[in-house]
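As structure tokens, the structure follows; a few thoughts come after it.
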4 protein chains.
Amino acid sequence: MKNETVITARYAETDQMGIIHHSVYPVWFEVGRTNFIKMLGVTYSQLEKDGVMLPLCELGCKYINPVHYEDEVIIETSVKKVSFAKIEFSYRVIMKDSGKLMAEGFTVHGFVNSETFRPVNIKKLNPEMYQKLLNAQND
Amino acid sequence: MKNETVITARYAETDQMGIIHHSVYPVWFEVGRTNFIKMLGVTYSQLEKDGVMLPLCELGCKYINPVHYEDEVIIETSVKKVSFAKIEFSYRVIMKDSGKLMAEGFTVHGFVNSETFRPVNIKKLNPEMYQKLLNAQND
Amino acid sequence: MKNETVITARYAETDQMGIIHHSVYPVWFEVGRTNFIKMLGVTYSQLEKDGVMLPLCELGCKYINPVHYEDEVIIETSVKKVSFAKIEFSYRVIMKDSGKLMAEGFTVHGFVNSETFRPVNIKKLNPEMYQKLLNAQND
Amino acid sequence: MKNETVITARYAETDQMGIIHHSVYPVWFEVGRTNFIKMLGVTYSQLEKDGVMLPLCELGCKYINPVHYEDEVIIETSVKKVSFAKIEFSYRVIMKDSGKLMAEGFTVHGFVNSETFRPVNIKKLNPEMYQKLLNAQND
């Protein structure tokens, strides 16, 4: 199970090398993640209103080929691993026309209480959500 | 009364024209504004904790000369006009070495309640802050 | 003649007020502008390769209602005025579901040579492009 | 040998969790990197003018404690490893007042020709720069 989100690279996302700045990829990953969660039948906005947030613990990205302004890329998002406390997503950035791999990465998030920022057990707090994420996990 | 904040242009702030992207200037204005308010003996963080926020109503910017990566610029911030409901700041972006004017702009903000986002009367809510801003107003 | 581009507000575009940060709107305007130019049968990427760039001279934005994460907005872009030396675009940000006006703004750009950054006469340099922009101008 | 750069977290860098968005850390690393290179007696701007660019191959970041608006942090930058083809920097983000570790990360860059984007041998192309980086390498 994976989400595919098409993004067109913005001018503001370029830098003076003439390529998309590397700090933009985590933002694109986040767009993919938002759509992945929406695909499960819940919105991340709703999750936050329900008192759960997913701040990042870790981020990694490999830049394979540079992306340019107006390039259309597909952000492929999937769940690599989910536990009571954490979730890991993985991402691939692919040129829409050629299928060429431009970048790949991952993010690890903790489930935390949105008031206290303290860790929560997602299985206890929102068993339905936990089950959905577990089902979505790639094997 | 004005605040002068020195900023060094970041690589991530450039675009493929090789200049600082125009959407960065409002961010620099905000840095100047933060320091201006701090100069009055209060932090904007504290203001928000006290229940007042200053979302933007209006923004204007004239781009006179392009700023480049590693350029050091001075952000000159001053209060143009303050009322019970609104405040207008004005800004000038100046090359630190030459004094050359690179851009100038303004922002208008409403005073709102941080819970409800509804307008508040800053004079009633925080008369001390209002007086400080009034004193800081340029004539 | 106008372009309508749908944008979904990104998480990275929010700030601690819980709304989309004001510096994001110029980026959205730029996405609308890119699509407007593409609608004329040319890409902005191609324009730059042909030696013409459109750096900003001026930007203005009025913030009417706050936009939130995952909101879908329509960026309406049109040409307000074009001359040999300059072009002015205007923008409206509208909630996709309700049609509510969230913000409106404008940008003024000079036509410049991409090597020298000096003003060019777009009518002389690229008469076809000039004619297209003139035809697109709203009356 | 390391560079210490103080950065004050900007409002625009916050997100609706009320913390600095994770995509900002790579931008801060870049500010640290710029200052590290400047410390060696050369500017990154000059490097690019001399025909060498350092696009990212890889990025990693661990987020340990959230940073907030107006927090002052120190970006500690050092060279972990340099070869003819690549360079790896490492970074630590530390609260200025308490010395608390907020995040740590690394970036790997290839040396490439700024026209062709093809790999270059930095030792051959700019032996002086290579030697400086080698000397700066942490053991």
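The values are calculated or read from the model by the stated rules, or taken from the named source; none is laboratory data. Note that this is a predicted model, so its numbers are computed, not measured. Please note: Cβ atoms are built from the backbone with ideal geometry, for glycine as well, and neighbour counts cover all protein chains shown. In case anyone asks, the SASA skips ligands and DNA or RNA and just uses the protein heavy atoms, side chains included. Shrake-Rupley method; radii C 1.70, N 1.55, O 1.52, S 1.80 Å.
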### Query
Can you list residues whose amide H is under 5 Å from D:GLU58's amide H, if they're 5+ apart or on another chain and H is modeled 1.01 Å from N?
A:TYR63, D:VAL108
## Note on the structure
Across D:20-33, the residue-averaged tally of Cβ atoms belonging to other chains within 10 Å stands at 6
### Formal net charge of residues neighbouring A:ASP71 (Cβ-Cβ distance under 11 Å; K, R +1; D, E -1)
-1
#### Entry: With Cα atoms, 0 to 90° folded angle of helix D:25-39 axis to chain D main axis
50 degrees
### Query
Once you put a point 7 Å from the Cα of B:ILE64 and another 7 Å from the Cα of B:ASP50, both along the Cβ direction, what distance in nm separates them?
3.4 nm
### Message
Would the protein assembly as shown count as rounded, prolate or oblate if I go by the C-alpha gyration tensor, calling it rounded below 1.5 in a/c and otherwise prolate when a/b exceeds b/c, oblate otherwise?
### Response
rounded
## Note on the structure
With all protein chains present, the stretch A:4-139 has a carbon and sulfur share of its accessible area (1.4 Å probe) in percent of 49 percent
### Query
Which ³J(HN,Hα) values in Hz, rounded to whole numbers, follow from the phi angles of the stretch D:47-54 under the Karplus curve 6.51 cos²θ - 1.76 cosθ + 1.60, where θ = phi - 60° and Gly and Pro get x?
3, 5, 5, 7, x, 10, 10, 10
### Message
Is there a quick way to get the dipole size of the stretch B:1-50? I mean about its Cα centre, with the Cβ of Lys and Arg at +1 and of Asp and Glu at -1; what is the value in debye to the nearest 20?
### Response
140 debye
### Message
Using amide H atoms built in the peptide plane, which far-off residues or other-chain residues are under 5 Å from D:ASP71 H to H?
### Response
D:ALA9
### Message
Could you tell me how far the Cα centroid of the stretch C:1-28 sits from the Cα centroid of the stretch B:35-60, in Å?
### Response
22 Å
### Message
Please report, for C:THR8, the nm distances (one decimal) from its label point, 7 Å out from Cα along the beta-carbon direction, to the equivalent points in the remaining copies, shortest first.
### Response
1.7, 3.7, 3.9
### Task
Would you jot down the residues in the stretch C:47-77 that end up with at least 30 Å² less accessible area in the complete protein assembly than in the chain alone, with a 1.4 Å probe?
C:GLU48, C:LEU56, C:CYS57, C:GLU58, C:LEU59, C:CYS61, C:LYS62, C:TYR63, C:TYR69, C:GLU70
### Task
May I ask for the distance between the Cα centers of the stretch D:84-139 and the stretch B:62-139, given as a whole number of Å?
38 Å
### Query
Taking a label point 7 Å from Cα toward Cβ, how far is B:ASN135 from its twins in the other copies, in nm, shortest first?
5.2, 6.3, 6.4
### Message
Using only the alpha-carbon atoms, how far is helix C:127-136 inclined from the longest principal axis of chain C? Give it as 0 to 90 degrees, nearest 10.
### Response
40 degrees
### Task
Determine the gain in length on full extension of the stretch D:ASN138-D:MET1; use 0.36 nm per residue of separation and subtract their C-alpha separation, reporting nm with one decimal.
48.7 nm
### Summary
Amide H contacts under 5 Å for A:VAL120, restricted to residues at least 5 apart in sequence or on another chain and with H modeled in the peptide plane, are A:PHE111, A:VAL112, A:ASN113
### Span per principal axis, largest first, for the Cα atoms of chain D (Å)
47, 30, 22
### Task
Determine the per residue accessible area of the protein assembly as shown with all protein chains present and a 1.4 angstrom probe, expressed in square angstrom.
43 Å²
### Message
List, shortest first and in nm to one decimal, how far the label point of C:GLY51 (7 Å from Cα along Cα→Cβ) is from its counterparts in the other copies.
### Response
2.5, 6.4, 6.6
